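Trainee: The structure follows.
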Amino acid sequence: MESLETLLSVLRQNHLKITPQRRLILEILVDDASHPTVDQVYQQVITVMPNVSRTTVYNTLHELVALGVLIEVQDMGAGGGRYDTNASQHHHLLCTHCHTLLDIERDFPELELTPVEACGYRIARHQVTFYGVCPCCQQALASQEESI
């Protein structure tokens with residue numbers, strides 16, 4: 001995860017103004033390792049700046065993805081994208097019950113595609129998400145089954 005100053009520096013290098021809204025969104029992202037959705041970021045933003053629109057948050061997140069500051073992680077369980085300030089190559093572990101999303105700092109070299117498998121694509125990056133049920137949810141589900 002990058003520091004706030006590093007992220008602000010990337011904005012400056014790309015000639016983007018450091019608006020109060022952009023700064024607040026970056027502060028929220030740097031402090032939130034949960035890989036928040038647009039709506040989760042928006043809810044945090046409006047507690048500080050009630051007049052900021054959801055569109056502003058959405059557009060800012062997409063600008064940051066385009067700059068390579070954020071990566072978007074698809075959450076098939078919740079039906080949307082989540083945002084990760086760790087833009088280095090890594091993978092994820094997702095609980096299909098509570099939607100907790102964790103980073104996995106391990107590479108899987110066997111995932112490299114052969115030229116035939118790549119079908120002419122120039123692969124920019126890859127990301128693997130393992131889907132399962134976290135220990136807390138397993139325990140909660142077991143407790144529910146016992147009470148039935």
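Trainee: Among (1) of a type in the set (Lys, Arg); (2) without any contact (Cβ under 8 Å) to a residue 24 or more places away in the chain; (3) surrounded by 15 or more Cβ atoms within 10 Å (Cβ to Cβ), where does residue 22 come up short?
Mentor: All conditions pass for residue 22, except number (2).
Trainee: Note down all Cβ pairs under 6 Å where the first residue falls in the range 75-90 and is among the hydroxyl-bearing types (Ser, Thr, Tyr), the second is part of a loop (DSSP other than H, G, I, E, B) and at pLDDT below 70, and they're at least six residues apart or on different chains.
Mentor: Within 6 Å, the pairs are 85/1.
Trainee: Which residues, taken from the range 2-27, are in a loop (DSSP other than H, G, I, E, B) and under 17 Å from residue 66 (Cα atoms)?
Mentor: Listed by number, the residues that qualify are 2, 14, 15, 16, 17, 18.
Trainee: Let me ask you something else. For a quick check of your reading: which strands (runs of 3 or more DSSP E) sit entirely within the range 65-144 and have at least 3 residues that are touching a Leu at 6+ places or on another chain (Cβ under 6 Å) and closer than 28 Å to residue 28 by Cβ? Give the derivation first.
Mentor: Details: elements: 71-75, 80-84, 91-95, 101-104, 129-132.
Fully inside the range 65-144 and qualifying: 91-95, 101-104, 129-132.
Trainee: Turning to a different aspect of this structure: Restricting attention to the range 28-64, which residues are out of contact with any Asp or Glu (no Cβ under 6 Å at 6 or more places or on another chain) and outside any helix (DSSP H, G or I)? Steps first, please.
Mentor: So in the range 28-64, the residues out of contact with any Asp or Glu (no Cβ under 6 Å at 6 or more places or on another chain) come out as 28-34, 36-64.
Answer for the range 28-64, where residues must be out of contact with any Asp or Glu (no Cβ under 6 Å at 6 or more places or on another chain) and outside any helix (DSSP H, G or I): 32, 33, 34, 36, 37, 49, 50, 51, 52, 53.
Trainee: Considering only residues that are in contact (Cβ under 8 Å) with a residue 24 or more places away in the chain and touching a helix residue (DSSP H, G or I) at 6+ places or on another chain (Cβ under 9 Å), which ones fall in the range 27-38? Lay out the reasoning, then the answer.
Mentor: Our first condition is that a residue be in contact (Cβ under 8 Å) with a residue 24 or more places away in the chain; within the range 27-38, this holds for 29-30, 33-38.
Across the range 27-38, the qualifying residues are 29, 30, 34, 36, 38.
Trainee: A further question on this structure: Name the residue that is nearest to residue 4 (Cα to Cα), counting only residues in the range 79-91 that are over 10 Å from the mean Cα position of the chain (by Cα) and either modelled with pLDDT of 90 or more or surrounded by 15 or more Cβ atoms within 10 Å (Cβ to Cβ) (or both).
Mentor: Applying the first criterion (over 10 Å from the mean Cα position of the chain (by Cα)) to the range 79-91 yields 79-80, 88-91.
Next, from what is left, pick out any that are either modelled with pLDDT of 90 or more or surrounded by 15 or more Cβ atoms within 10 Å (Cβ to Cβ) (or both): 90-91.
Values: 90: 20, 91: 23 Å.
Going through the qualifying residues, I end up with 90.
Trainee: Could you count how many residues in the range 49-71 are within 17 Å of residue 8 (Cβ to Cβ) and without any contact (Cβ under 8 Å) to a residue 60 or more places away in the chain?
Mentor: Summing the residues that are within 17 Å of residue 8 (Cβ to Cβ) and without any contact (Cβ under 8 Å) to a residue 60 or more places away in the chain in the range 49-71 gives 9.
Trainee: Mind checking whether some residue in the range 72-80 is polar (S, T, N, Q) and more than 25 Å from residue 13 (Cβ to Cβ)?
Mentor: Yes; the residues of the range 72-80 include at least one that is polar (S, T, N, Q) and more than 25 Å from residue 13 (Cβ to Cβ).
The values are calculated or read from the model by the stated rules, or taken from the named source; none is laboratory data. From a predicted model like this one, the values you see are computed outputs, not experimental measurements. Note that each Cβ is placed from the backbone with ideal geometry, even for glycine, and that neighbours are counted across all protein chains shown.
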